[in-house]
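A short worksheet on the structure shown next.
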Amino acid sequence: MKNSMSAVIQSFRNLRIKQKLFMLLVFIMAIFIALTYTALQYAYSIYDHQLYLRSSQVLNLSSNSIESELRRIESTTFNIVTDPTLQSKLTTIKSDPTEQNYERFQIRDEIVTRLVQFAGAEKYVISADMFDLSGYIYSAGRVPGWSEEQKMQIWDVAKKGEGQLRWIYAKTPETSLTAVRLVRSYYSYLNLDLETIGVLVLRIRMDQVVEDVSRGTELGRGELLIMAGEQRVYPSSLAPDSLDGLAAAPVASGYEVRDDGKHKVFVSQMKSGYTDWTYSSIIPFDSIFRGINWMKNMLIVVFSVALLLMTILAMRVARGITGPIEKLINMMKQVQKGDFNTVTLPSPDSAIPLPKDEIGQLHRTYRMMVQQINELITENYAKQLTIKETQFKALQAQINPHFLYNTLESINWEAKMGGQVRISRMVESLGFLLRSSISQKESIVTLSQELDIIRHYLTIQQTRFEERLVFQLEVAAHLYTCPIPKLSLQPLVENAIHHALEPKVEPCHISIRSVEQADRVLIIVEDDGPGMPPALLDQVRRGEVHSKGNGIGLSNIRERIVLAFGDEYGLEIESQPDQGTQVTVQIPYERGDSYV
């Protein structure tokens, strides 16, 4: 058993990451569905138990809401029967009920107008009628067309109420719940016997009251029965398939389940302390549990579909994670073979850009690393070529150096013996230049040593050009120890003589000066020659113009400075037509001992 378990674990470890992710996601989804379904089953069982209590509570709240509306209607009837205008007009009519004139017509119109104002403010009032003692009826709203029997019933019920509100229950679908109240006079302070002056009759939309109260509750699924003793308050008529017969008998415990063989219903009952009405809620079991059973079946279907979709999603997620990793592995294999050119970052306009998650970051970081390695290899190769180029050009001057030194020494002695001082000085300077250029011991020299090379070079050139060459040196003595690559300034002076002095007939001024900054020294070589047009200057800056002959070009000097001191140092050139040329060499402001 233990060996079998170990084999299973080892097999799982050997699976690919894509397969592991797929199995993990499916496993999590299966557990989630199982737990959810179990929780829902438990919740439904609790719902089955709590439904009984909730239905009773809803019935209680609904009855309270209905009776709240009835109390508001009772308050409205009180406001009507005590309204000063109605009290005054009805009292006037009572004093002489037989008089018929324009004033009597105006009084009746005012009574109707006042009733309209009260009835229009009530949502559930169908009509408001006022009976005076002469038998005249003032109607506001839908005129019911009272029969003599109904009129007698209204007066009889109103008198029994002695000023209190009384209800007349509907007997047919055409009739409605009716509120009647005796109007008694209290308008005159001298007449306190509360004489009867009329009857108020309000017809109520009881069906609308019940519909508004039961909307959105469990009562909306079943039936509501309101009884006043043996008389039915609501509904006014029964449907053919009505379940009211199951609620006829009283419920001892407040609610119970009843079954007549055809229907199984849940019945809740309560009795009102305000109207003494009995409220019965009748909810068919089918309307309750049909939706629950349907929901249970739907949950099984939904969970099955969700499991299938989750399986597909798990496969896509697994491929989405492992796919870029596999591509990265393939790129690593290419780099392992030495192929750096295939590892390129996608352009911003790429149709499928890299994602911004950890896998995308890994891709970008790896590609940038490979590109930087490739650039470093290329840069190092180019720098090695530059060094080799400098060494080669220096080695070109090493043709039998001892023979040249001996020959120049002999010419120097002959010149001195013949009294030719200028020739002797030129020969000595030429020998110094040869030794400096041929020597390979030092690639970094001090600024003082580089300026010595320039001085000997200018000794030869001044003998050639005489007064046409005007040279000026303005370099602070304390900067002489700063390090500088060997033969960095001499080619610049040589270029100034070749491009600025030779084309001119008048004297040419060439100067070397220094500018100190916080962490660097600027050595500026400038002339007042013809300068360069912008197009030629751009070509020189890009290194597209090479030096003539075997001389050292500007790009060679720039690369050697960067190689020695870093990218923050180098060489800059500025020039304008007829304004001369200025070349600035940037070197570190340090002592040169560590570079020598």
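The values are calculated or read from the model by the stated rules, or taken from the named source; none is laboratory data. Note that the coordinates shown come from a computational prediction; the quantities given were computed from them, not determined experimentally. For neighbour counting, all protein chains shown are included, and Cβ atoms are generated from backbone atoms with ideal geometry for every residue, glycine included. Ligands, DNA and RNA are stripped out before the accessible areas are found, and what is left, the full protein with its side chains, is counted by its heavy atoms. Shrake-Rupley method; radii C 1.70, N 1.55, O 1.52, S 1.80 Å.
Summary of computed values
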read-out	value
Among 78-85, 582-589, the order from most to least packed when residues are scored by Cβ within 10 Å on average	582-589, 78-85
At R0 = 45 Å, FRET efficiency that the Cβ-Cβ distance of Arg364 and Leu473 yields, to 0.05	0.30
Coil-residue GluC sites (Glu not before Pro) of region 487-580, DSSP, other Cβ within 10 Å capped at 10	Glu544, Glu568
Within the accessible area of region 486-539 (1.4 Å probe), percent carbon and sulfur	56 percent
Using a Förster distance of 25 Å, the FRET efficiency for Phe105-Arg72 (Cβ separation, nearest 0.05)	0.15
Distance violations [Cα-Cα > 32 Å] among Lys327/Lys383; Lys160/Lys264; Lys89/Lys159; Lys160/Lys271; Lys383/Lys504	Lys327/Lys383; Lys160/Lys264; Lys383/Lys504
For peptides 267-273, 487-493, sequence by mean Cβ density within 10 Å, most packed first	487-493, 267-273
Length released on extending from Met298 to Val515, taking residue separation times 0.36 nm less the Cα-Cα span	69.5 nm
Cβ crowding within 10 Å averaged over residues, with 194-201, 505-512 ranked highest first	194-201, 505-512
